[in-house]
Amino acid sequence: MKKLLIFLIIAFTMNLHAQITSADRPKLVVGIVVDQMRYDYLSRFWNRFGEDGFKRMVNEGYNFENHHFNYVPTLTGPGHTSVWTGTSPMNHGIISNNWYNKFEDKMVYCAADESVEPVGTTSSAGKMSPHRMKVTTVADQNRLHTQMCGKTIGISIKDRGSILPAGHTANAAYWFHGADEGKFITSSFYMKELPQWVQDFNNSNVAESYFKTWNTLENISTYKESGLDVNNFEGGFRGKNSASFPYDLKQLKAQNGNFDLIVQTPFGNDLTLDFALAAIKAEELGKDEDTDFLALSFSSTDKVGHNFGVNSKEVEDAYLRLDKDLAELLRYLDKNVGEGNYTVFLSADHGGGDVSAYLESVKIPAGYFDSKSFTEKLKTFVFQEYGKNNLIKNISNDQVFFNYEALDEAEIPTEALEEKIAHYILQQDRIHMVFTRSQLEGSSFQHGIGELIQNGFNQKRSGDVIFVLDPAVVSYSETGSMHGSGFPYDTHAPLIFFGKGIKHGSTTQRSEVIDIAPTVSALLGISFPDAATGKPLYIMLDN
Ligand code: ZN
Ligand code: ZN
């Protein structure tokens, strides 16, 4: 008996120290980012979902109910990058979608790269790469770990939704070029020409087939989880008077950028799924011992949210349709990779706020911030104070960038200008808080908005004074939803893990976006991404 006990103890201890082997690893990791998905879409639409999509992932997988972004700004470029790199803009350097690059004295786009050539198009939409992302993604780590044998494929309608997650070593990242072309494209960063299967997909009429009527999936009278179909808070499409169902896309396409119209509807997500399934098959993802990665991002949910608002029937319909896409993806993976051979995680790149004009109409504090007139006022103030009009280089993304040479010449200490401007900004309407470079470099914020600003502050790339708008105040049109803040409507997102190596359960413990990539590393037994700051969510790992 005693011997048996000792044996069991030894066996147990050995097991604890056993390394993850290829038999333990999923053959394929599918990382899904849903663009602009608030956490409460899961609860709001729960009773409307089928059994095989979101519900299957939650009912069989692990659901993090209190999952958040830990930085400002909650935008698409930073969001996708943070999910896949396990760190925030402070380290990965993607501080916004577009930002003022002080070293080149111009605005730059997070994925744009003048040094590469478009592939599959002649449009500059193909001049893209991840070169501005300063760190590795977990997919990069898998490539390194497998001596480049495990594949990585990135897919999204948006270039940044595909390129940044897939990382620097991706076999391919594909994104959709709408306009008059309607094709999935890439750049010379990845390859010289599109593989045959992508050309075949582009030459098929799949994209074209979505020029059809967008009506609600189910009877609109049953859509009780969203606001009225006709209201004052929606944008809509050119060529149609009211933002209400049905939308005849064939009739509307000429006035709405041809193929760019498809991606403004849930059909853009359907098209993304069609392409993803074609990729799994043609690239033989999940077929051998080395783990492959599919970085998948569904972008159309974001476009529908921006146009119609998070409380719209259009958004509800987009999620009921996405639920079906998800079910189809899981069925396909079961069949082609095998149930129990793959792992899926699903999260978002940011949430989204209710339309501020709608909130105002129901007496909730909210409003709009006119960035243009604010910029003028601030510049006038600085001129009046110092008699110079060259002290500020740029004001963008709620950040003020100083002209260091001009400050030097005028012998004005940067701290003095910081303080003057911060005090002035704080006196303005609809401003919640202000932070200066000196503050962010000199102290460590442990909680609240200060911590989020600090995590979003890249010492090298960010500005010198950063301001925060009041809750529910946005710099946006008075129709449709916006995101970008550090408030819960923008930071609270879903995180569900499902499949091989994942326990069933849920938790209300807080998790953060930076935890996702280290968790995937732990699942695979590979290195964390270069600058990861998150912690693995061991609570849901089988081993
Ligand atoms: Zn987004
Ligand atoms: Zn957006």
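The values are calculated or read from the model by the stated rules, or taken from the named source; none is laboratory data. Predicted model, so just to flag it, every value in this text is computed and none were measured. Cβ placement follows ideal geometry from the backbone for every residue including glycine, while neighbour counts extend to all protein chains displayed. The protein model used for the area step is the full one, side chains on, heavy atoms only, and it has no ligands, DNA or RNA in it. Shrake-Rupley method; radii C 1.70, N 1.55, O 1.52, S 1.80 Å.
Looking at (1) open to solvent by less than 10 Å² (accessible area, probe 1.4 Å); (2) under 28 Å from Gly86 (Cβ atoms), which is the one condition that is false for Gly480?
Unmet condition: (2).
Hey, does the range 440-456 have a residue that's of a type outside the set (Asp, Glu), assigned by TED's automatic domain parsing to the domain that holds Gly309 and part of a loop (DSSP other than H, G, I, E, B)?
No, the range 440-456 has no match at all.
For the range 490-537, give me each residue that is part of a helix (DSSP H, G or I) and in contact with a helix residue (DSSP H, G or I) (Cβ under 9 Å, 6 or more places away or on another chain).
Within the range 490-537, Thr491, Val513, Ile514, Ile516, Ala517, Pro518, Thr519, Val520, Ser521, Ala522, Leu524 meet the criteria.
Kindly indicate which of Thr508, Thr519 is more than 16 Å from ligand 2 (Cβ to nearest atom), open to solvent by 20 Å² or more (accessible area, probe 1.4 Å) and modelled with pLDDT of 95 or more.
Sole residue among the options that is more than 16 Å from ligand 2 (Cβ to nearest atom), open to solvent by 20 Å² or more (accessible area, probe 1.4 Å) and modelled with pLDDT of 95 or more: Thr508.
Please enumerate the residues belonging to the range 47-74 that are assigned to a helix (DSSP H, G or I), surrounded by 21 or more Cβ atoms within 10 Å (Cβ to Cβ) and of a type outside the set (Phe, Trp, Tyr).
Of everything in the range 47-74, just one residue is assigned to a helix (DSSP H, G or I), surrounded by 21 or more Cβ atoms within 10 Å (Cβ to Cβ) and of a type outside the set (Phe, Trp, Tyr), namely Met57.
Listed here are the residues, each with its yes/no results for (1) open to solvent by less than 10 Å² (accessible area, probe 1.4 Å); (2) within 18 Å of the chain's Cα centre (by Cα); (3) over 22 Å from His492 (Cβ atoms).
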site	(1), (2), (3)
Ser297	yes, yes, no
Asn311	no, no, no
Glu316	yes, no, no
Leu322	yes, yes, no
Leu326	yes, yes, no
Leu329	yes, no, yes
Tyr332	no, no, yes
Glu339	no, no, yes
Ser356	yes, no, no
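Please enumerate the residues belonging to the range 255-279 that are in a loop (DSSP other than H, G, I, E, B) and more than 29 Å from Ser82 (Cβ to Cβ).
Gly257, Asn258
Being open to solvent by 10 Å² or more (accessible area, probe 1.4 Å) and within 16 Å of ligand 1 (Cβ to nearest atom) is the filter; apply it to the range 23-42 and report the residue that is farthest from Leu164 (Cα to Cα).
Tyr39
What are the pairs, 6+ residues apart or on separate chains, where a residue within the range 267-280 that is at positive phi has its Cβ under 8 Å from a residue that is open to solvent by 10 Å² or more (accessible area, probe 1.4 Å) and in a helix (DSSP H, G or I)?
Listed by first residue and then by second, the contacts come to nothing, as the list is empty.
Given the conditions (1) within 15 Å of ligand 2 (Cβ to nearest atom); (2) open to solvent by less than 30 Å² (accessible area, probe 1.4 Å); (3) under 19 Å from Gly235 (Cβ atoms), report the number of the one that His306 does not fulfil.
Of everything listed in (1) within 15 Å of ligand 2 (Cβ to nearest atom); (2) open to solvent by less than 30 Å² (accessible area, probe 1.4 Å); (3) under 19 Å from Gly235 (Cβ atoms), His306 misses just condition (2).
Give the range 386-434 a look and list any residue that's in a helix (DSSP H, G or I), of a type in the set (A, V, I, L, M) and open to solvent by 20 Å² or more (accessible area, probe 1.4 Å), or say none.
Passing the criteria: Ala416, Leu426.
Name the single residue, out of those in the range 462-477 being open to solvent by 50 Å² or more (accessible area, probe 1.4 Å) and either more than 15 Å from Met433 (Cβ to Cβ) or touching a strand residue (DSSP E or B) at 6+ places or on another chain (Cβ under 6 Å) (or both), that is nearest to ligand 2 (Cβ to nearest atom).
Among them, the one singled out is Tyr476.
Within the range 395-415, does at least one residue satisfy the condition of being in the same structural domain as Asp325 (by TED's automatic domain parsing), touching a strand residue (DSSP E or B) at 6+ places or on another chain (Cβ under 7 Å) and β-branched (Val, Ile, Thr)?
The answer is no; no qualifying residue exists.
Condition (residue is more than 16 Å from ligand 2 (Cβ to nearest atom), modelled with pLDDT of 95 or more, open to solvent by 20 Å² or more (accessible area, probe 1.4 Å) and at positive phi) applied to the range 282-292: is it met by at least one residue?
For the range 282-292, residues more than 16 Å from ligand 2 (Cβ to nearest atom), modelled with pLDDT of 95 or more, open to solvent by 20 Å² or more (accessible area, probe 1.4 Å) and at positive phi: present.
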